[in-house]
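These notes concern the structure reproduced below.
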There are 2 protein chains.
Amino acid sequence: MSKLDESLLTGLPPFSLLERGQIREILDQALPKRYDEGAEIFHEGHDAERFHLLLDGYIRVVKTTEGGEQIIALHISPGQLFGIAPALNRDTYPATAIAASESLALSWPVRLWGEFTTKYPGFATESYSTLGQRLGEMQTRITELATQAVEQRVAAALLRMVTQSGRKVEEGIEIAFPVTRRNISEMTGTTLHTVSRLLSAWEKDGIVHSTRKHIVVTAPHRLVLLSGAQG
Amino acid sequence: MSKLDESLLTGLPPFSLLERGQIREILDQALPKRYDEGAEIFHEGHDAERFHLLLDGYIRVVKTTEGGEQIIALHISPGQLFGIAPALNRDTYPATAIAASESLALSWPVRLWGEFTTKYPGFATESYSTLGQRLGEMQTRITELATQAVEQRVAAALLRMVTQSGRKVEEGIEIAFPVTRRNISEMTGTTLHTVSRLLSAWEKDGIVHSTRKHIVVTAPHRLVLLSGAQG
DNA sequence: CCGCAAGTTTGCTGAAGGACAAAGAGGTCC
DNA sequence: GGACCTCTTTGTCCTTCAGCAAACTTGCGG
């Protein structure tokens, strides 16, 4: 396999302060890998042997309950670190990571985490900032689940995906990876039936346009109203 | 004010690896403060000027929604750090901290955070472990809110408090700080009415014994059944 | 010792949304 | 091109629990 191009990492937050030579060093230790849609990158409870950086595609981080239900904990977009158990001193992965679409990621053995954080300026800081943001997002979801009705939560979930991964198309803004009704229900703590009903209603109102596994938000501002201080 | 005794910190996880001299240094820079029940230690959105260590008492970390509802994000027990915004690169507090009972805490200016993490072995590691645990707890709560019925969530919340702060009394295990029905509803995303009904029912079944702001769990094992794989 | 505030209990009602059921609509694999 | 599997839609029923209302209890402050 030929050498990875340095431009892959240049400009990504965790590495933005580094020189060419340092980036070269980091890349030479990285293992690149491609994942098909639905492929598992790592599994909840397994030994955390590597930490990862998503270059292209989208990742869903998922927890499974004893009852077999799945909860989507997090979505990862290109440029983000994930599976960073070592940052929190964990030796097993707390959740399972699955490619939401065809994806490309780099990974490094966890023993390099300590090296990276001490050797490269900004790496530790940026990583912990990311963690802080994720903590904040989780707090927001707890608050939503505890206080808001299903319709508001689903609207908020759509908006979150649009914000994180929206790409402009002529009809509006499209969520850039495949999403099923069931996926949305696993983000919002409801059933796929209820999500389907909501999307049908919103389609009728001209707020979204959706086909199988594929959603375009045509009137984001109206979703904001639905998600927040009611409309 | 006389010097703080070194035994205050000896043995607490963040400082367990340090020598006397180092502990002395840390203590000399600490500001001790007592808080009445209900007193605010810091407020959501304010500049994070200090980070804190709880020595005695219990702290509730609370978020308020636009609608004015409160959500209890976290309980802090003696020996734990809190308000550690600097660890996550935040410059404002993400939530409000309130003394659940009369409490005593030390605090340091945030500029010392960097110094502590580099200078004292184990401090950074222990702090990030704590953070990892909190992240895990939050994930658990999200899962609960998304998949479990009210009764299970309330049972789980009681068990969590018992685990974190239970002290043995003759009738069973008592939650060591004042808790109202409203507080419990703010942890579980329900109403105080529903919580009151559940506690009444459990009282009748001999699972708990509660008086105003005060709860003793007399049959923890039965609560476990209620909280988990249904009873 | 009285009045008031905060916390608690209980009843009733209605709506939200979960559970169950069944059928249609794309895609994909052979 | 057919069989099958996954995803989606829609209908009906029924439980759970939030909302509203009102009374009761306990403890504190004046």
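The values are calculated or read from the model by the stated rules, or taken from the named source; none is laboratory data. Please read all numbers here as calculations on a predicted model, not as lab measurements. Don't worry about glycine lacking a Cβ; one is built from the backbone with ideal geometry, like all the others, and counts go over all protein chains shown. Calculation scope for accessible area: heavy atoms of the full protein, side chains included, ligands and nucleic acids excluded. Shrake-Rupley method; radii C 1.70, N 1.55, O 1.52, S 1.80 Å.
Of note:
- Computed from backbone phi, the HN-Hα couplings of the range A:44-58 come to 3, x, 6, 4, 7, 9, 9, 10, 10, 10, 7, 9, 8, x, 9 Hz, rounded to whole numbers (Karplus: 6.51 cos²θ - 1.76 cosθ + 1.60, θ = phi - 60°; Gly and Pro given as x).
- Other-chain or far-sequence residues with amide H under 5 Å of B:Gln148's (modelled H): none
- Label spacing, shortest first and in nm, from B:Gly38 to its equivalents in the remaining copies (7 angstrom along Cα→Cβ): 5.9
- If R0 is 25 Å, the Cβ-Cβ spacing of A:Thr125 and A:Glu6 corresponds to a FRET efficiency of close to 0.70.
- As computed over the range B:23-91, the Cα convex hull volume per residue (Å³): 110 Å³
- Virtual paramagnetic centre 7 Å along Cα→Cβ of A:His43, amide N under 17 Å, in the range A:88-114: A:92-99
- Distances between placed amide hydrogens fall under 5 Å for B:Ala39 paired with B:Ala99, all partners being 5 or more residues away or on another chain.
- Summing +1 for each Lys or Arg and -1 for each Asp or Glu among the other residues whose beta-carbon sits under 9 angstrom from that of A:Ala105 gives +1.
- With every protein chain in place, the range A:6-134: carbon and sulfur % of accessible area (1.4 Å): 48 percent
- In nanometres and ascending order, the distances from the B:Ser200 label point to those of the other copies are 4.0 (point 7 Å from Cα along Cα→Cβ).
- Approximate shape of the range B:149-227 as ellipsoid semi-axes (Cα gyration tensor, √5λ), whole Å, largest first: 17, 13, 12
- The range B:6-144: Cα Rg divided by the 2.2 N^0.38 Å rule of thumb: 1.04
- Near B:Asp56, the amide H atoms lying under 5 Å from its own belong to B:Leu104; only residues 5 or more places off or on other chains count, and H is placed 1.01 Å from N.
- Annotation: average projected area of the range B:82-183 is 8.9 square nanometres, based on the convex hull of Cα atoms across all directions.
- Solvent-accessible area buried by pairing B with A, both sides, nearest 100 square angstrom, 1.4 angstrom probe: 2500 Å²
- Only helices enter the 222 nm calculation for chain B: every DSSP H run of n ≥ 4 contributes -39,500 (n - 2.57), and dividing by all residues gives -12000 deg cm²/dmol, rounded to 500.
- Accessible surface, the range A:148-227, averaged per residue in Å² (probe 1.4 Å): 49 Å²
- DSSP loop GluC sites (Glu not before Pro) with at most 11 other Cβ within 10 Å: longest gap in chain A: A:67-169
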